[in-house]
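The values are calculated or read from the model by the stated rules, or taken from the named source; none is laboratory data. All values reported here derive from a predicted model rather than from experimental measurement. Neighbour counts are summed over all protein chains in view; Cβ atoms, including those assigned to glycine, are modelled from backbone coordinates with ideal geometry.
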Amino acid sequence: MKTAGLKKSFEEFFGDGKEPEVYRAPGRVNLIGEHTDYNNGLVFPIAINLSMYGLFRPTNKDKIRVYSENLDKFEEIRLANISQRGDNWTDYVRGVLSGLESQSETISGFDLYLRSEIPVGSGLSSSAALEVVTAVGTIMTLDLDKVEDLDLIDLCQKAENDFVGANTGIMDQYASYLGREGAGLLIDTSEPSHKLVDLGLDGYELLVIDTTVSHTHGNNEYNRRRRECERAVNAINETTEGEELRSLSDVASEELDGILPKLEEKLAKRLEHVVRENERVEKAAGFFQKGRIKEVGELFYASHASLRDLYEVSSPELDFLIEFARTEGIPGARMTGGGFGGSTIHLVPEGQADEYLENASQEFEKEFGITPGSFPVSPSDGAKFQN
Ligand code: GLA
């Protein structure tokens, strides 16, 4: 995006003065490894070529003035009240600022203008991008002490958990901050740590098709899944001898046959998903690196089936798009993100995306009366590498 136009919009809104500084943080698509991040498991996201832009200008006022162009909403956050919730979209900003403040940083006044290319509610992590751009922009603009990568990611995640009340894992903020062009991030969330894996996408494109059914109503179900996983850990610890499990990812796949029959059916399904999904992530990262997209694709379909049948976070719209991909002979497709709506990711042979999308959209419209959204995505740099 051209920054000149952005700066002009900033000045039209906030008035002339010192030139604002522009920062960006991308959204993310998770290639595979769903609902494993809060189970200390493996995930494999990319940062994408759609970003949240934040323009910052310091002021000598005792407040932060923030305007969201997409929402067309303006709010003021008094410096004295940074750590109070606003019960609106500014909580993502407040959460991050209050996290910085609790690290003994002094936050002074600034104006912030936000423009997002990432559609809200599509499961592409516009909220994580907002948190990350707020953190990076505030640190740079106010010349605060640099924060270690993992601390910054953690602070953004806490903003979401503690301020917004969505009990999400670490994946989205991690990818938005540390993503890298051309690569996927194989994140072991138990440490957390990551490896960059080159994506051998030769001959294929990554296409996101958004059901446009907002996933936000899934928050309660999301938090419920987390609690179910915790219950499963406790139940296994109560019935099994040996070392205590910390998380479901501590269960080895060879142990499943022994453990599954001892668990209540629902908890058994959640466990099986997590253990098998971790295995799929590891395999998929290896296949991606070798450019073996057909094998990756089969893992995508298997991941989707598991999210539908075992973890029970899919929706009719998501299932429809994945079924359509299969019947069209597309190598791989799956829901991506938390589920209950949101987006799907498709591995499409190069040159076929337009026709495929047109057919998918037509069939989707016939079935649900909704036009789906779509974006070709490519692995891009995270916020850390931009300025
Ligand atoms: C949401 C959360 C992530 C992750 C996914 C499911 O996107 O924000 O932390 O748990 O759901 O994989």
Pairing a residue in the stretch 244-271 that is farther than 12 Å from Cys229 by Cβ with any residue that is of a type in the set (Asp, Glu) and part of a helix (DSSP H, G or I), where Cβ atoms lie under 9 Å and the two sit 6 or more apart in sequence or on different chains, gives Glu244/Asp250; Ser253/Glu279; Leu256/Glu272; Leu260/Glu272
State the number of residues belonging to the stretch 107-150 that are more than 28 Å from Gly5 (Cα to Cα) and without any contact (Cβ under 8 Å) to a residue 12 or more places away in the chain.
2
Tell me, which strands (runs of 3 or more DSSP E) wholly within the stretch 35-79 include 3 or more residues that are closer than 30 Å to Leu245 by Cα?
42-58
Can you confirm whether the stretch 104-118 contains a residue that is assigned by TED's automatic domain parsing to the domain that holds Phe10, under 26 Å from Ile32 (Cα atoms) and assigned to a loop (DSSP other than H, G, I, E, B)?
yes
Does any residue of the stretch 317-332 turn out to be away from the ligand (no atom under 15 Å from the Cβ) and within 20 Å of Ile48 (Cα to Cα)?
yes
If Lys158 satisfies all but one of (1) assigned by TED's automatic domain parsing to the domain that holds His346; (2) buried (at least 17 other Cβ atoms within 10 Å of the Cβ), what's the number of the condition it fails?
(1)
Can you tell me which of Asp188, Asp210, Asp198 is more than 17 Å from the chain's Cα centre (by Cα) and not hydroxyl-bearing (Ser, Thr, Tyr)?
Asp198
Given the structure, is Phe300 surrounded by 19 or more Cβ atoms within 10 Å (Cβ to Cβ), part of a helix (DSSP H, G or I) and more than 21 Å from the chain's Cα centre (by Cα)?
no
Suppose we keep only residues that are in contact with a Gly (Cβ under 7 Å, 6 or more places away or on another chain) and within 16 Å of the ligand (Cβ to nearest atom) within the stretch 336-355. Which one would you say is nearest to Phe368 (Cα to Cα)?
Gly341
